[in-house]
Amino acid sequence: MPSRVTTGRRRTLGALLAAAAVAMCLPAAGTATAAVRADVAAPVCHVREGVQHTDIKGHTYTKDLYCENAVADVFATPEVYGTVIAKLKTSPSWFVCWQSGDLHQGGNRIWYYTQGDEVLNWPLWKGWGYVPAFRVETEPDPFPGLPACMPG
């Protein structure tokens with residue numbers, strides 16, 4: 001009759017062989033499967049054509065940036081201490097253009113123009129305003145393909 005030590009070694013050896021067999025069936029790191037998993041976790045950020053957004057000034061935008069973002073204040077102007085007119089609560093969100101403004105916490109001067117989800121002030125503006133770029137998952141800023149905002 002085999003001793004307990006011999007039986008324990010056989011079980012350990014059997015477990016190691018089973019683990020090795022399973023590992024040989026798994027894809028190696030860096031394969032297409034690993035790349036797919038990385039893509040799923042990557043932030044959503046792309047320019048969309050053929051959309052339509054009309055702001056309170058009557059400007060119609062047919063292109064937007066659809067991107068993941070943090071909850072953010074929407075400012076009436078691209079200024080750090082400007083009036084907060086709305087709150088951006090959903091992600092991803094859309095942004096119709098960019099404008100240069102005050103230097104913000106993200107270390108640049110790019111602000112994205114959008115319509116907030118919740119109007120806080122100036123209800124006639126319907127939540128339209130600017131979000132500092134550091135609240136939007138863009139790289140680089142301004143995001144390529146998104147136009148600068150029209151003056152006025």
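The values are calculated or read from the model by the stated rules, or taken from the named source; none is laboratory data. Quick caveat, the model's predicted, so the values are computed rather than measured. Surface accessibility is based on the protein's heavy atoms, side chains included, excluding ligands, DNA and RNA. Shrake-Rupley method; radii C 1.70, N 1.55, O 1.52, S 1.80 Å.
For a quick check of understanding: with a 1.4 angstrom probe and all protein chains in place, what accessible area in square angstrom does residue 139 have, to the nearest ten?
150 Å²
Rounded to two decimals, what ratio of Rg to Rh does the range 69-147 give with C-alpha atoms and a Kirkwood Rh?
That ratio equals 0.93.
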